[in-house]
Amino acid sequence: MQLAPDLTEKLYVAFPHLYRGRHKPMDESSMVWGFECGDGWFQLLYELSQELSAYQAEHPELDFAVDQVKSKFGSLRFHLSGGDAITEEMIEAACQRASVTCELTGKPGQLCENPARRFSAMVLCPEKAAELGFFCGA
């Protein structure tokens, strides 16, 4: 799953320094693959990018860049190189928000699984879970 091209472009245009890894070879940055998650997480990615960019402006000695953004086993994976404990806290907070945000719609959601699909887990709102045949909760 990929973030829609127009949403991807919005992130690249708004935060070119943060996502400069998209221009690197794939052995140096996985950003060449773009944002490997659903559109429902766009807003939280945008907000995290704003926080990180503001922090970087305040701390120019930290020249960090995003190496990878993806959904894996229903959780947001946001890999940054060159950050510090504060950037890790920002990322962790965004991952926590993603754990209760439908990856497809951005509505409130929870971790859901589809037993018919091996290794298939996503955070989904009730409507999308039902539509896609996922089961949520314990």
Close pairs from the stretch 77-90: first in the same structural domain as residue 37 (by TED's automatic domain parsing), partner part of a strand (DSSP E or B) and surrounded by fewer than 16 Cβ atoms within 10 Å (Cβ to Cβ), Cβ under 6 Å, at least 6 apart = none
Only residues that are free of Cβ contacts under 8 Å to residues at least 60 places away in the same chain and of a type in the set (S, T, N, Q): list them for the stretch 55-72, please.
-> 56, 68
Would you confirm whether any residue within the stretch 32-46 is at pLDDT below 95, assigned to a helix (DSSP H, G or I) and not hydroxyl-bearing (Ser, Thr, Tyr)?
-> yes
Among the residues of the stretch 114-133, count how many are closer than 26 Å to residue 7 by Cα and surrounded by 13 or more Cβ atoms within 10 Å (Cβ to Cβ).
-> 12
Condition check for residue 134: farther than 28 Å from residue 13 by Cβ, touching a strand residue (DSSP E or B) at 6+ places or on another chain (Cβ under 9 Å) and modelled with pLDDT under 95 = yes
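This table checks each residue for (1) surrounded by fewer than 20 Cβ atoms within 10 Å (Cβ to Cβ); (2) under 22 Å from residue 121 (Cβ atoms).
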site: 13; (1), (2): yes, no
site: 24; (1), (2): yes, no
site: 66; (1), (2): no, no
site: 69; (1), (2): no, yes
site: 100; (1), (2): yes, yes
Which residues, counting only those in the stretch 51-93, are among the aromatic types (Phe, Trp, Tyr) and either within 26 Å of residue 111 (Cβ to Cβ) or outside any helix (DSSP H, G or I) (or both)?
-> 64, 73, 78
Somewhere in the stretch 86-98, is a residue out of contact with any Phe, Trp or Tyr (no Cβ under 8 Å at 6 or more places or on another chain), surrounded by fewer than 17 Cβ atoms within 10 Å (Cβ to Cβ) and modelled with pLDDT under 95?
-> no
Here are 21, 40: which of them is touching a residue at least 40 places away in the same chain (Cβ under 8 Å) and within 19 Å of residue 128 (Cα to Cα)?
-> 40
Taking into account only those residues within the stretch 49-75 that are closer than 19 Å to residue 5 by Cα and aliphatic (A, V, I, L, M), which is farthest from the chain's Cα centre (by Cα)?
-> 66
If you take the residues in the stretch 1-48 that are within 12 Å of the chain's Cα centre (by Cα) and small (Gly, Ala, Ser), which one is nearest to residue 106 (Cα to Cα)?
-> 40
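The values are calculated or read from the model by the stated rules, or taken from the named source; none is laboratory data. Quantities reported herein were computed from a predicted structural model and do not represent experimental measurements. All Cβ positions, glycine included, derive from the backbone under ideal geometry; neighbour counts span all protein chains shown.
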